[in-house]
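**Q** Pasting a structure here, questions to come.
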Amino acid sequence: MITDDPGTPGDGKFEINLAIAFERRPNETAVDSPAIDINYGVGDRIQLTLQGGPVVLKRREHGLIGGLGGTEAAVKWRFVDNQRTGVTMSMFPRVIFNIARSAARRGLAEDGTRFQIPIQIAKAFTNFDLGFEWGPVASTVGPSEWLYGIIVSVDATKTTALMAELHGSSRTNFSQDELAANFGIREKLNDHCLFIGSLGHELRSPEARAWIGYAGVQLLF
């Protein structure tokens, strides 16, 4: 899912997500193949994150374009973890940049370097969890924005969770906003592997509205 949560892997543990993700607009399709998301726990409340991978882009009446997409480096700090109330809160500052200078020019990544400082808040209820995310986004190219999201996760069975979210971004004056609805499933295959899949669609966008999808595995060790 797009909206982050306050969870961390645990001290000395890895959480690695490997997936195929796509964004389909009327005139082009971009596929992260694969999307790689590596998370490492430092203590019980800190997470180090490195995310990136190759992207393949197909535009109408053009051949395939491939290369490295944007790269994200981040640190999550869960500063509230109240076992009694089920409320957790975290900060997840990150920087998103392009290792390949040609990535933005070729349409494989956004231009410039972006800085995000979102806050995540989650509340655990019986058989379901509710989460929120909000924070500023600053960029070396273009205006600043807000990002925001709300997500609910429902335990369908002991091993299956169903998820739904609304996630978006807007200019700081709340103009030219983007908003997507996304629905997903998380299936525990064993103690060290989960399947995660989602499919969504943009409800509002300055560009042609996109379909978005994700299918992959989460490895825990």
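The values are calculated or read from the model by the stated rules, or taken from the named source; none is laboratory data. Because the structure is a prediction, the values reported are computed rather than measured. Positions of Cβ are generated from backbone atoms using ideal geometry, with glycine treated the same way; all protein chains shown enter the neighbour counts. Calculation scope for accessible area: heavy atoms of the full protein, side chains included, ligands and nucleic acids excluded. Shrake-Rupley method; radii C 1.70, N 1.55, O 1.52, S 1.80 Å.
**Q** Can you give the accessible area per residue of segment 1-125, in Å², using a 1.4 Å probe? The partial results should precede the final answer.
**A** Values: 6700 Å² over 125 residues.
Dividing the accessible area of segment 1-125 by its residue count gives 54 Å².
**Q** Here's something else I'd like to know. Compute a Gaussian network model of the chain, connecting alpha carbons closer than 10 Å, and tell me which residue from Thr157, Thr113, Thr71 fluctuates the most.
**A** Most flexible of the set in this elastic network: Thr157.
**Q** Hey, with R₀ at 30 Å, roughly what FRET efficiency would Val217 and Asn173 work out to, going by the Cβ-Cβ distance, to 0.05? Could you put the intermediate results ahead of the total?
**A** Details: r = 40 Å, r/R0 = 1.35.
FRET efficiency, Val217 to Asn173: 0.15.
**Q** Where in segment 121-214 are there GluC sites (Glu not before Pro) that are in a DSSP coil and have at most 12 other Cβ atoms within 10 angstrom of their Cβ? All intermediate terms of the calculation are to be shown ahead of the outcome.
**A** Details: sites: Glu133, Glu145, Glu165, Glu178, Glu187, Glu202, Glu207; in loops: Glu207.
Loop-located and lightly packed - Glu207.
**Q** Between Glu61 and Asp191, with labels modelled 7 Å along Cα→Cβ, what's the label distance in nm to one decimal, could you check?
**A** It works out to 5.8 nm between the two label points.
**Q** Further question: Is segment 29-112 best put as rounded, prolate or oblate by its Cα gyration tensor, with a ≥ b ≥ c the root eigenvalues, rounded for a/c under 1.5, and otherwise prolate when a/b is larger than b/c, oblate when not?
**A** prolate
**Q** Using 0.36 nm per residue, how much length does the chain from Arg25 to Ser205 gain when fully extended, once their Cα-Cα distance is taken away? Could the numbers behind the result be given before it?
**A** Numbers: separation 180, 0.36 × 180 = 64.80 nm, distance 1.12 nm.
Going from the current span to full extension adds 63.7 nm.
**Q** With a 1.4 Å probe and all protein chains left in place, how much of the accessible area of the chain comes from carbon and sulfur atoms, in whole percent?
**A** Whole-percent figure for carbon plus sulfur exposure: 61.
**Q** At 1.4 Å probe size, with every protein chain present, just tell me what the per residue accessible area of segment 143-221 comes to in Å².
**A** Details: 4410 Å² over 79 residues.
Value for segment 143-221: 56 Å² per residue.
**Q** How far is the Cα center of segment 1-39 from the Cα center of segment 56-109, in Å?
**A** Comparing the Cα centres of segment 1-39 and segment 56-109, I get a distance of 8 Å.
**Q** Report the FRET efficiency, 1/(1 + (r/R0)^6), for Lys123 and Trp77, where r is their Cβ-Cβ distance and R0 is 22 Å, rounded to 0.05. Mind dumping the intermediate values first?
**A** Values: r = 19 Å, r/R0 = 0.85.
So, using R0 = 22 Å, E works out to roughly 0.75.
**Q** Evaluated at 37 °C with a viscosity of 0.692 mPa s, what Stokes-Einstein diffusion coefficient in µm²/s does segment 1-57 have when Rh comes from the Kirkwood expression over alpha-carbon pairs?
**A** Reported coefficient: 258 µm²/s.
**Q** Explain nothing, just compute: Karplus ³J(HN,Hα) = 6.51 cos²θ - 1.76 cosθ + 1.60, θ = phi - 60°, for every residue of segment 120-128 in order, whole Hz, x for Gly and Pro.
**A** Working through the residues one at a time gives 10, 10, 10, 9, 8, 10, 5, 6, 7 Hz.
**Q** With r defined as the distance between the Cβ atoms of Leu18 and Leu130 and R0 fixed at 30 Å, what FRET efficiency is calculated, to the nearest 0.05?
**A** 0.60
**Q** I'd like the Karplus ³J(HN,Hα) series for segment 88-94: coefficients 6.51, -1.76, 1.60, θ = phi - 60°, whole numbers in Hz, and an x wherever there's a Gly or Pro.
**A** The phi angles translate into 10, 9, 8, 10, 9, x, 8 Hz.
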